[in-house]
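Structure record follows, encoded as structure tokens.
Readers should treat all values here as calculations from the given coordinates under stated rules, not as data from a laboratory. Quick caveat, the model's predicted, so the values are computed rather than measured. When we count neighbours, we look across all protein chains shown, and the Cβ atoms used for this are built from the backbone with ideal geometry, even at glycine.
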């Protein structure tokens with residue numbers, strides 16, 4: 001469960017039942033008067049986390065379609081941002097689509113392509129979306145296919161005493177048509193052929209959900225139909241539970257950044273090799289690296305180079321839900337989100353072998 005926000009005294013933390021609403025509403029007395037009129041605060045409960053994750057899943061797939069349209073064209077329209085990193089028309093198209101799709105949830109959004117929201121404002125949010133509309137722009141420009149769409153749902157939880165933590169995440173790899181989904185308390189899954197697995201849940205502008213009823217995903221898939229996801233159970237029926245393999249049944253393995261490796265990373269892996277034996281090294285780009293640990297392909301992913309919160313949040317959610325740990329370099333302290341400075345510290349993703 002999500003913890004009660006610290007700003008709400010326990011004795012007045014009362015749920016207002018709103019049938020079919022996207023959110024749970026909590027009534028708060030104005031001016032400390034328990035008998036006075038009440039304000040409302042939007043906070044997601046566990047069921048609604050699953051509901052909005054399906055919206056994020058569909059948005060990620062649709063954004064992937066927009067990205068592939070540019071990827072398969074002759075002109076990426078590459079520009080340089082202020083930090084000298086590249087920006088393409090695919091980044092912009094993906095951002096616009098995701099922003100519009102997630103607006104239906106009524107949850108505020110923080111994106112790499114719209115990160116100028118003052119910290120004082122965004123730190124008042126109880127729940128928010130954290131997205132990277134195209135993670136791995138350098139890999140996109142290189143045309144190696146190792147780029148992703150990242151969407152994470154952030155909320156205060158028991159393991160995030162300060163700030164927020166990812167409670168759900170979607171990572172979509174458009175070129176491979178593979179999606180990774182993780183939901184706190186539910187688990188994590190890999191969905192192959194994801195473009196044929198889309199949510200049919202429709203949401204009105206007011207935020208009221210009207211989930212379309214469809215045949216079960218399993219029977220649709222067996223019949224050769226384009227499977228439609230209208231519930232978490234549908235998604236579970238077509239997804240493969242992570243990890244896919246027992247990590248302890250194979251040699252020690254480390255996944256490394258294809259474009260941002262460093263001497264510190266090599267030294268860290270060398271230290272682990274003295275304990276676990278020679279490492280099989282896997283190179284990849286974008287947040288695919290986090291998902292490879294969640295999948296059980298690798299035991300560790302050390303990242304000792306700059307990243308931003310939107311680079312890690314969705315993959316962090318998948319890893320946590322799969323039983324892995326994403327921590328700062330000390331291997332214990334979790335990454336903190338919604339900081340004044342959105343730059344991540346160096347971090348390590350650890351699979352079961354290291355826990």
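Okay, here's what the table says:
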quantity	calculated
Filtered residue count, region 50-85, keeping only those that are exposed (fewer than 15 other Cβ atoms within 10 Å of the Cβ) and touching a strand residue (DSSP E or B) at 6+ places or on another chain (Cβ under 8 Å)	4
Region 108-127, residues that are free of Cβ contacts under 8 Å to residues at least 60 places away in the same chain and part of a helix (DSSP H, G or I)	113, 114, 120, 121
Residue within region 302-315 that is on the phi < 0 side of the Ramachandran plot and surrounded by fewer than 17 Cβ atoms within 10 Å (Cβ to Cβ) present	yes
Residues (within 15 Å of residue 170 (Cβ to Cβ) and surrounded by fewer than 20 Cβ atoms within 10 Å (Cβ to Cβ)) located in region 233-246	236
Within region 128-178, considering residues that are surrounded by fewer than 19 Cβ atoms within 10 Å (Cβ to Cβ), assigned to a helix (DSSP H, G or I) and in contact (Cβ under 8 Å) with a residue 24 or more places away in the chain, the one nearest to the chain's Cα centre (by Cα)	138
